[in-house]
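A short write-up of the structure that comes next.
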Amino acid sequence: MVAVNRNRFLKRTLAGVASLAVLAGVLGTGAASAQSAPQGAIVIPDDVKIFGNDNPNVRKATAVVNGDVITGTDVDQRLALILAANQNELSEEDQKRLRLQVLRNLIDETLQIQEAEANEVEVAQAEIDQSYARVAAQNFDQDTSAMDAYLKRIGSSAESLKRQIRGEMSWQRLLQRNIAPFINVSEDEVNETIQRLEASKGTEEYRIGEIYLAAPAEAREQVYNNASQIVQQIREGGSFVAYARQYSQASTAAVGGDLGWIRLAQLPAELATVAREMQPGQLVGPVEVPGGFDILYLIDKRQVLTADPRDAILSLKQISITFPQGTTEAQAGQRAEDFAKTIQSAKGCGNVEEVAATIGAQVVTNDQVKARDLPAQIQSAILQLSPGESLPPFGSLEDGVRMLMLCGRDDPQTSSGPNFDQLMAQMEDERINKRAQMYLRDLRRDAVIEYN
């Protein structure tokens, strides 16, 4: 396991006048309240005054990166993909902020492509087209021409998505050639990690998403209100990952706020107390922590090297009935009660089809249902059933009533954790990713970028 310290958990940067302008905007005053402290060779005075009205963080959506132009159309088409994923439900203000993030992402993508070309790392157009076709087949279940039409309909384009594919493939190949060969993980390191895993067997691990917002003392109330608004928007259907990428000031923003699998002892005390009471899928916040506020989302939890009952493979039969048009709530309730009594009279899964036929019910069988893929409110209940037993009826007047009958269950085997080779590969990947972040940081630092 890789320890998560507070620096990683709440890492944030203050880079030059642009970040100071953002800070002044958050405070709503002419002077920032940052403490005077060296940031490497940079010293920030207590009394900061911004000269002029130009905010460097407010840009038109175009830039020239080392001579390569990023147009407003490039930004619009990439933004359209994100908006489509969020059902176009982002507010105008959210879209403005997201547009800035899209521009930053396109700048990074351009730098990655340029660096790959400078190192003579090539990605053939045929490979990009093949990857595009796989995306169409896997995510859209349609051929490339249909996907082209879909992208055009939402305001994006095939060229925009192919450019993103090219950037990802170019960067990965560059890392494989220039970084991966120089990454070493010793056998002793892997063995020590395996020993730590075995020593912690049975302890709980949490996979947590975070959104961190820094809050200087003068802006505490405003930042709290902003965080509360984000929580409300996520609860109304917004994407936690999208909001984390857009708003979080933690280093995890780049991966949608995902902290990975951690133990509570690795979290600050304020967050560990909250996370201990959370259930998978639950969103909590804002939680005040030193320096700001956190929004937490519990993605999942598990016990180290212990089989998770939710990984059981279930054999289920779903029995369902529909209500004729004009059925009242009272009539539906009575029929659902009669339906449940009839199905419960069946002697297990062997004759449920015969019993269901007597009341005109339909039966669907699925022998490969993973318990964790079921809705949270059903998971625990169905794992308590024995073969032949069924859950109480559920449904609605419009959709009809359904019952789930358990026909069989294959329990998961006790997890032995990753083997030596898997763990070594995982540790190597983590180190490659860290070096990649440093590599990209250096490219940003040395780039000539003009904003229009």
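The values are calculated or read from the model by the stated rules, or taken from the named source; none is laboratory data. Since the model is a prediction, treat every value here as computed from it, not as a measurement. Note that each Cβ is placed from the backbone with ideal geometry, even for glycine, and that neighbours are counted across all protein chains shown. The protein model used for the area step is the full one, side chains on, heavy atoms only, and it has no ligands, DNA or RNA in it. Shrake-Rupley method; radii C 1.70, N 1.55, O 1.52, S 1.80 Å.
At a 1.4 Å probe, what is the % contribution of carbon and sulfur to the accessible area of the stretch 178-217?
Working: 940 of 2060 Å².
Heavy-atom surface of the stretch 178-217 belonging to carbon and sulfur, 1.4 Å probe: 46 percent.
Taking only protein heavy atoms and a 1.4 Å probe, what accessible area per residue, in Å², does the stretch 70-229 have with all protein chains in place?
54 Å²
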Problem - Probe 1.4 Å, all protein chains present, accessible-area order of Thr73, Thr358, largest first - result: Thr358, Thr73
Handout entry: Out-of-range pairs (alpha-carbon distance over 28 Å; input Lys162/Lys301; Lys152/Lys370; Lys201/Lys370; Lys301/Lys370; Lys96/Lys152; Lys96/Lys434)
Key = Lys162/Lys301; Lys152/Lys370; Lys96/Lys434
Exercise for the section: Keeping all protein chains in position, work out how much accessible area Ile107 exposes to a 1.4 Å probe, and write it in Å² to the nearest 10. Expected result: 10 Å²
Exercise for the section: Any chance you could check the Cα centroid distance between the stretch 273-304 and the stretch 103-145 for me, in angstrom? Expected result: 35 Å
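Counting only protein heavy atoms and a 1.4 Å probe, tell me what percentage of the stretch 316-393's accessible area is made up of carbon and sulfur. If you can, show how the numbers build up before the last one.
Values: 2280 of 4720 Å².
Carbon plus sulfur share of accessible area: 48 percent.
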Practice task
Go through the stretch 114-120 residue by residue and turn each phi into a ³J(HN,Hα) via Karplus (6.51, -1.76, 1.60, θ = phi - 60°); whole Hz please, and just put x for glycine and proline.
Solution key: 4, 5, 5, 5, 5, 9, 6
Completion exercise
Env charge @ Ser380, Cβ radius under 13 Å, K,R +1 / D,E -1, value +1
Problem - Where labels lie 7 Å past Cα in the beta-carbon direction, separation of Val64 and Ser145 in nm - result: 4.1 nm
Problem - Ranking by accessible area, most exposed first, for Val369, Val190 with a 1.4 Å probe - result: Val369, Val190
Exercise for the section: Take the Cα pairs of the stretch 150-224, get the Kirkwood Rh, then feed it into Stokes-Einstein at 37 °C and 0.692 mPa s and tell me D in µm²/s. Expected result: 176 µm²/s
Exercise for the section: List, in order, the whole-Hz ³J(HN,Hα) value for each residue of the stretch 277-294 obtained from phi through the Karplus relation with A = 6.51, B = -1.76, C = 1.60 and θ = phi - 60°; use x for Gly and Pro. Expected result: 9, 7, 10, x, x, 8, 10, 9, x, x, 10, 6, 10, x, x, x, 10, 10
Handout entry: Interchain or long-range residues, amide H under 5 Å from Gln282's placed H
Key = Leu298
Practice task
Roll a 1.4 Å probe over the protein chains and send me the accessible area per residue for the stretch 293-452 in Å².
Solution key: 59 Å²
Practice task
Calculate, for Asp308 and Ser251, the FRET efficiency according to 1/(1 + (r/R0)^6) with r their C-beta to C-beta distance and R0 25 Å; round to the nearest 0.05.
Solution key: 0.30
Completion exercise
Counting only protein heavy atoms and leaving out ligands, DNA and RNA, the solvent-accessible surface of Met405 at a 1.4 Å probe, in Å² to the nearest 10, equals 0 Å²
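Less than 12 Å Cβ to Cβ from Glu204, Lys/Arg counted +1 and Asp/Glu -1: what total charge do the surrounding residues give?
Value of the local net charge: +3.
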Completion exercise
If each K or R counts +1 and each D or E counts -1, the residues other than Ser396 whose Cβ falls under 12 Å of its Cβ total -2
Exercise for the section: Could you let me know the centre-to-centre spacing of the stretch 323-393 and the stretch 163-197, using Cα atoms, in angstrom? Expected result: 49 Å
Completion exercise
In nanometres, the difference between 0.36 nm per residue of separation and the alpha-carbon distance of Ala425 and Ile449 is 5.0 nm
Practice task
Per residue of the stretch 91-98, in order, report the coupling 6.51 cos²θ - 1.76 cosθ + 1.60 (Karplus, θ = phi - 60°) as ³J(HN,Hα) in whole Hz, putting x for Gly and Pro.
Solution key: 5, 4, 5, 4, 5, 4, 5, 5
Exercise for the section: Work out how much length Arg134 to Ala265 would gain on full extension: take 0.36 nm times their residue separation and subtract the Cα-Cα distance, in nm to one decimal. Expected result: 43.0 nm
Exercise for the section: Using 0.36 nm per residue of separation minus the Cα-Cα distance, give me the extension gain between Asn191 and Gln176 in nm, one decimal. Expected result: 2.9 nm
Practice task
Heads up, I need the accessible area for Thr252: 1.4 angstrom probe, whole protein in place, Å², nearest 10.
Solution key: 10 Å²
